[in-house]
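Colleague: Have a look at this one.
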Amino acid sequence: MSTDPIVRGRADLLRGEVELRCGTASSATVTLLGSATAVDRTDRALALVGLVRAGEAVCFAGDQYRYAEVGRRALALRGPGDPPAMELMSCLIAGVAATLRGDHERAGPRCAAPWCWAAG
């Protein structure tokens with residue numbers, strides 16, 4: 001196994017994705033959260049992808065209470081001037097976290113970015 005955190009993070013992300021789709025969601029959660037941890041200081045975008053997938057695994061496993069952890073970790077990764085893809089992933093996680101805790105006012109904040117309105 002590589003000692004490079006980016007290579008390890010990508011490998012864990014792939015392993016977690018396969019586990020999520022073909023194995024058990026609870027195992028995928030552990031792997032995907034680990035992949036996000038491995039790269040959160042070096043590749044915030046990849047860490048967010050891991051957190052989005054971990055959030056999905058948490059919900060599939062019926063462990064929605066764990067989504068709060070996913071939300072906190074995603075919030076810590078946000079930065080000023082993030083590209084639209086990162087902003088979208090952050091907003092997705094924040095919205096699902098708010099929904100799961102019953103805060104429906106914050107679950108669907110208005111997004112000022114033009115790409116938010118492209119589909120509607």
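Colleague: Short version: ³J(HN,Hα) in whole Hz for each residue of region 73-79, in order, from phi by Karplus 6.51 cos²θ - 1.76 cosθ + 1.60 (θ = phi - 60°), x for Gly and Pro, what are they?
Modeller: So the J values, rounded to whole Hz, are 5, 5, 4, 5, 8, 5, x.
Colleague: Under a GNM of the chain (C-alpha, springs under 10 Å), which listed residue has the highest mean-square fluctuation: Gly23, Gly81, Gly55?
Modeller: Comparing Gly23, Gly81, Gly55 in a Gaussian network model of the chain, the most mobile one is Gly81.
Colleague: Okay, next question. Can you list the HN-Hα couplings for region 39-49, worked out from phi with the Karplus curve (6.51, -1.76, 1.60; θ = phi - 60°), rounded to whole Hz and with x for Gly and Pro?
Modeller: Result, ordered by residue: 10, 5, 9, 10, 8, 4, 5, 5, 4, 5, 4 Hz.
Colleague: With springs only between Cα atoms under 10 Å, which of Gly79, Gly16, Gly95 fluctuates most in a Gaussian network model of the chain?
Modeller: Gly79
Colleague: When averaged across all projection directions, what area in nm² does the alpha-carbon convex hull of the chain cover? Working shown, then result.
Modeller: Details: hull surface 31.8 nm².
Over all viewing directions, the chain projects a mean Cα-hull area of 8.0 nm².
Colleague: Let me ask something additional. Starting from the Cα of Asp82, step 7 Å along the direction of its Cβ; do the same at Gln64; then give the gap between the two resulting points in nm.
Modeller: That separation, rounded to one decimal, is 2.3 nm.
Colleague: Okay, moving on. Per q in 0.28 Å⁻¹, report the Debye log10 I(q)/I(0) for region 19-66, using one uniform scatterer on each alpha carbon and no solvent.
Modeller: Debye curve over Cα of region 19-66, log10 I(q)/I(0) at q = 0.28 Å⁻¹: -0.93.
Colleague: Next question, about the same structure. So what's the back-of-envelope 222 nm ellipticity for the chain, counting only DSSP H runs of four-plus at -39500 (n - 2.57) apiece and dividing by all residues, rounded to 500? Walk me through the numbers on the way to the answer.
Modeller: Values: 6 runs with 82 residues, N = 120.
When only DSSP H runs of four or more count, the value is -22000 deg cm²/dmol.
Colleague: May I ask you to compute the full-extension gain from Val18 to His104, defined as 0.36 nm times their residue separation minus their alpha-carbon distance, rounded to one decimal in nm?
Modeller: 27.8 nm
Colleague: Among the trypsin sites (Lys or Arg not before Pro) in region 41-97, which ones are in a DSSP loop with at most 13 other Cβ atoms within 10 Å of the Cβ? Mind listing them?
Modeller: Numbers: sites: Arg41, Arg44, Arg53, Arg66, Arg72, Arg73, Arg78; in loops: Arg41, Arg78.
For trypsin sites (Lys or Arg not before Pro) across region 41-97 that sit outside H, G, I, E and B with at most 13 neighbouring Cβ atoms in 10 Å, the list reads Arg41.
Rule-based calculations on the coordinates, nothing more; no lab input. All values reported here derive from a predicted model rather than from experimental measurement. Neighbour counts run over all protein chains shown; Cβ positions are idealised from the backbone, glycine included.
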